[in-house]
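Q: Pasting a structure below so you can have a look.
The values are calculated or read from the model by the stated rules, or taken from the named source; none is laboratory data. Computed from a predicted structure; not experimentally measured. Using ideal geometry, Cβ is built from the backbone for each residue, glycine included, and neighbour counts are taken over all protein chains shown. All accessible areas refer to the heavy atoms of the entire protein, side chains included, with ligands and DNA or RNA removed. Shrake-Rupley method; radii C 1.70, N 1.55, O 1.52, S 1.80 Å.
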Amino acid sequence: MSTNTHWLDLGLEALPEPRAERVRLFRVLLAAATQLRGRLDRELAPSGLTSPQATLLHAIEVQPQAPTMSVVARALGMTHQNVKQIALVLERKGFIEIAVDPLDRRARRLHLTPHHHRFWQQRNPGDFSSVEAWTSVLSDSEVRTAVRLLSKLRDELRGEGLAQEQEQEQE
């Protein structure tokens, strides 16, 4: 076994193979996520954004209306405080405006600015080319399969997180 893959099997000797393979999957996913985040951070660095900031902006953009910080926190599996810290930085950079919700003065809504839309309109073609290059080792069919399987896993994990959140709210 090469040293490049040795870390995949650390501590798995006593596990049944199907369980060990799931641990390997988890480890590979974490390693790939770390690599992709690093690449994205390097791509974004000249513009002054980080991958967590870009992720938060995307989470706001996919909402049908300006979301509250709590909605974004739930969508991303982050704490409200973490979302608030990132949002304040993005507000200073001109990407969002944070406004008091007129229906619930305790809540803050995150509104995307015209600067946000212009920024991504200019960046997206180059960023999409980078993503295509990073994933070029996979065939189109493998990409479709990976998207389907990882979306299924994400949806299950998100559902589990929501169930735990609802249990905590009821306590």
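Q: Considering every residue within segment 42-57, establish whether at least one is touching a His at 6+ places or on another chain (Cβ under 9 Å) and in a helix (DSSP H, G or I).
A: yes
Q: Considering segment 112-139 alone, what residues qualify as being outside any helix (DSSP H, G or I) and surrounded by 15 or more Cβ atoms within 10 Å (Cβ to Cβ)?
A: Result: Leu112, Thr113.
Q: Determine whether Thr34 is exposed (fewer than 13 other Cβ atoms within 10 Å of the Cβ), hydroxyl-bearing (Ser, Thr, Tyr), in a helix (DSSP H, G or I) and out of contact with any Ser or Thr (no Cβ under 9 Å at 6 or more places or on another chain).
A: yes
Q: Is it the case that Ile86 is touching a strand residue (DSSP E or B) at 6+ places or on another chain (Cβ under 8 Å), open to solvent by less than 50 Å² (accessible area, probe 1.4 Å), β-branched (Val, Ile, Thr) and in contact (Cβ under 8 Å) with a residue 24 or more places away in the chain?
A: For Ile86, the condition - touching a strand residue (DSSP E or B) at 6+ places or on another chain (Cβ under 8 Å), open to solvent by less than 50 Å² (accessible area, probe 1.4 Å), β-branched (Val, Ile, Thr) and in contact (Cβ under 8 Å) with a residue 24 or more places away in the chain - is not met.
Q: When you check Leu29 against the structure, is it open to solvent by 50 Å² or more (accessible area, probe 1.4 Å) and either among the acidic types (Asp, Glu) or part of a helix (DSSP H, G or I) (or both), yes or no?
A: yes
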